[in-house]
Amino acid sequence: MNASNTLVLASGNAGKLREFNQLLSPLGLDVRPQAEFGVHDVEETGLTFVENALLKAREASRVSGLPALADDSGLEVDALHGAPGIYSARYAGEPKSDERNNEKLLAALSECAEGQRTGRYWCVLVYLRHAEDPVPVIVQRSWEGEILAHPRGEGGFGYDPLFWLPDQGMSVAELQSETKNRLSHRGRALHALVDILKVAHG
Ligand SMILES: O=c1nc[nH]c2c1ncn2[C@H]1C[C@H](O)[C@@H](COP(=O)(O)OP(=O)(O)OP(=O)(O)O)O1
Ligand SMILES: [Mg+2]
């Protein structure tokens, strides 16, 4: 990484920040949320997770002067032709609300039979050494599941109470946070990213 092992996390999402801290602090990395540097949310104008993650990482690195890690993520539902996708955070409009997003998702799938409610979380991570880094490190991972008809569990954030894991027999909001971090789109993407950075930067 860089000499001081300090990086800025280009996110304002408290759930993501908690998960990144759980995953990265054991590695001896000093992970600072972008709010510490007065970085504001950028407009996510990209048409892909990659583009949006790049926009976020670049802005956080520019303002902080530090290497930056950004996460753009979302939920792809097959019966909804991939919606809410890159619009997951603002699915039910602004201001962003997990609760209203979940209600809208349940309504959109109200006619959809069990067995046809398949989907996946996507997480795209972008790491920039500096704001003009021409060689971003990019990793993307998905996590398959099904959309429940009723919320279950209190943990996690976002769509987790509606995201059912057949293998676990639980919603993501019912998992221990360690289990979520081991299995999730974000946790696995982050492990892969860290492996790449270790090879690249020692
Ligand atoms: O593990 C997850 N568990 C539940 N929901 C999740 C997860 N991962 C992404 N999601 C949902 C939340 C939000 O609706 C959208 C991310 O949107 P996204 O723009 O990347 O994040 P955000 O606007 O909340 O914060 P920020 O852009 O500052 O990182 O996908
Ligand atoms: Mg966002």
inquiry  = Filter the stretch 27-46 down to the residues that are assigned to a loop (DSSP other than H, G, I, E, B), away from ligand 2 (no atom under 14 Å from the Cβ) and of a type in the set (A, V, I, L, M) and list them by number.
reply    = Leu29
ask   = How many residues does the stretch 192-202 hold that are touching a residue at least 12 places away in the same chain (Cβ under 8 Å) and either touching an Asp or Glu at 6+ places or on another chain (Cβ under 6 Å) or surrounded by fewer than 16 Cβ atoms within 10 Å (Cβ to Cβ) (or both)?
value = 4
task = State whether the residues of the stretch 102-109 include one that is more than 16 Å from ligand 2 (Cβ to nearest atom), more than 17 Å from the chain's Cα centre (by Cα), loosely packed, with under 15 Cβ neighbours inside 10 Å and outside any helix (DSSP H, G or I).
result = no
request  = Could you identify the single residue in Gly74, Gly12 that is within 15 Å of the chain's Cα centre (by Cα), free of Cβ contacts under 8 Å to residues at least 40 places away in the same chain and within 12 Å of ligand 2 (Cβ to nearest atom)?
outcome  = Gly12
query = With (1) within 12 Å of ligand 1 (Cβ to nearest atom); (2) under 18 Å from Ser184 (Cα atoms); (3) surrounded by 14 or more Cβ atoms within 10 Å (Cβ to Cβ) as the list, and Leu55 as the residue in question, which single condition is left unmet?
reply = (2)
query = Hey, among the residues in the stretch 121-135 that are within 10 Å of Arg58 (Cα to Cα) and away from ligand 2 (no atom under 16 Å from the Cβ), which one's surrounded by the fewest Cβ atoms within 10 Å (Cβ to Cβ)?
reply = Glu132
note = Checked against (1) away from ligand 2 (no atom under 16 Å from the Cβ); (2) under 23 Å from Ala200 (Cα atoms); (3) surrounded by fewer than 21 Cβ atoms within 10 Å (Cβ to Cβ), Leu7 satisfies every condition except (3)
query = How many of the residues making up the stretch 79-122 are under 18 Å from Pro161 (Cα atoms), touching a Ser or Thr at 6+ places or on another chain (Cβ under 8 Å) and not aromatic (Phe, Trp, Tyr)?
reply = 3
Residues satisfying the stated conditions in the stretch 143-173, i.e. over 18 Å from Leu75 (Cα atoms) and either assigned to a helix (DSSP H, G or I) or acidic (Asp, Glu) (or both) = Glu154, Asp167
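Laboratory data are not the source of any read-out in this text; all were calculated from the coordinates shown. Since the model is a prediction, treat every value here as computed from it, not as a measurement. No Cβ is skipped: glycine too gets one built from the backbone with ideal geometry, and neighbour counts run over all protein chains shown.
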